[in-house]
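Student: Questions regarding the structure given below will be posed in turn.
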Amino acid sequence: MQNTGIDTFDTLVRQKKELTNSLIDYWKDYSDFSTWQFWLIVAMFLVPLIILYFKIDKNKIFLIGFYGYSIHMAFAYIDISGINLGFWNYPYKLIPALPSFSLDSSLVPVTFMLVYQWTLNHKKNFYIYSTIAAIIFAFIFKPILASANLFRMYDGTNFFHLFLIYVFVFLIAKFLTNLFLKLHKS
């Protein structure tokens with residue numbers, strides 16, 4: 001007697017592997033080193049990291065780094081979930097198996113890290129300036145990516161939904177950072 005649930009699961013895994021291979025073939029045909037989109041994505045990955053290297057406050061590097069890592073992890077999970085659920089995707093990728101690697105690993109976390117650092121160093125309201133960054137990402141940056149076909153939304157997803165996600169992520173990252181600061185002090 002066979003377990004039809006496991007058989008179905010194994011079939012789904014094979015189908016997902018075939019889909020992944022098709023996406024890799026798409027990357028080779030339309031999104032590899034020979035496209036301007038690829039090099040723009042490389043720049044969106046490298047330039048923020050270079051800026052961060054020179055601009056990060058070395059006295060607060062672990063605090064800001066932890067906050068940035070929290071941003072990175074939250075966005076990575078949310079982005080891959082949104083992609084897997086078919087809410088959005090990225091036609092052009094730095095690495096075929098990691099659809100939004102340059103955004104989740106560099107551009108977005110570095111931006112929010114520098115905002116966090118600036119609010120700490122200038123005693124400004126973190127929530128106001130992080131919300132401004134979320135507005136810029138959701139209503140200016142993502143629409144530019146969408147108009148250049150570097151980002152696609154599906155099933156009724158809109159830029160306001162993205163804004164809410166950005167806000168949620170920076171709030172979660174701030175909460176985790178504050179929690180670990182409190183645990184460190186006690």
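No lab work stands behind these numbers, since they all come straight from the coordinates. What you see is a predicted model; the values in this text were computed from it and never measured. Every residue, glycine among them, receives a Cβ derived from its backbone with ideal geometry; neighbour counts consider all protein chains shown.
Student: Can you find even one residue in segment 111-120 that is touching a residue at least 60 places away in the same chain (Cβ under 8 Å), surrounded by 13 or more Cβ atoms within 10 Å (Cβ to Cβ), touching a Pro at 6+ places or on another chain (Cβ under 9 Å) and among the polar types (S, T, N, Q)?
Tutor: yes
Student: Follow-up question, since we're still on this one. Looking at residue 139 and the list (1) in contact with a Phe, Trp or Tyr (Cβ under 6 Å, 6 or more places away or on another chain); (2) of a type outside the set (Asp, Glu); (3) in contact (Cβ under 8 Å) with a residue 60 or more places away in the chain, which single condition is not satisfied?
Tutor: (3)
Student: When only residues in segment 54-79 that are within 22 Å of residue 167 (Cα to Cα) and of a type outside the set (A, V, I, L, M, F, W, C) count, which is surrounded by the fewest Cβ atoms within 10 Å (Cβ to Cβ)? Working first, answer last.
Tutor: So the first thing to find is which residues in segment 54-79 are within 22 Å of residue 167 (Cα to Cα), and the list is 63-79.
Checking which are of a type outside the set (A, V, I, L, M, F, W, C) leaves us with 65, 67-70, 72, 77, 79.
Numbers: 65: 14, 67: 27, 68: 24, 69: 15, 70: 22, 72: 20, 77: 12, 79: 23.
Among those that are within 22 Å of residue 167 (Cα to Cα) and of a type outside the set (A, V, I, L, M, F, W, C), it is 77.
Student: Taking residue 92, is it closer than 30 Å to residue 181 by Cβ, under 19 Å from the mean Cα position of the chain (by Cα) and either surrounded by 18 or more Cβ atoms within 10 Å (Cβ to Cβ) or β-branched (Val, Ile, Thr) (or both)?
Tutor: Values: closer than 30 Å to residue 181 by Cβ: no; under 19 Å from the mean Cα position of the chain (by Cα): yes; either surrounded by 18 or more Cβ atoms within 10 Å (Cβ to Cβ) or β-branched (Val, Ile, Thr) (or both): yes.
Criteria not met by residue 92.
Student: Pick out the one residue from 130, 106 that is crowded, with 16+ Cβ neighbours inside 10 Å and in contact with a Leu (Cβ under 6 Å, 6 or more places away or on another chain).
Tutor: Values: 130 fails: in contact with a Leu (Cβ under 6 Å, 6 or more places away or on another chain).
The unique qualifying residue is 106.
Student: Please go through (1) part of a helix (DSSP H, G or I); (2) loosely packed, with under 13 Cβ neighbours inside 10 Å for residue 51 and return the number of the only condition it doesn't satisfy.
Tutor: So the condition that residue 51 fails would be (2).
Student: Give segment 49-79 a look and list any residue that's within 13 Å of residue 120 (Cα to Cα) and of a type in the set (Asp, Glu), or say none.
Tutor: Within segment 49-79, just 57 meets the criteria.
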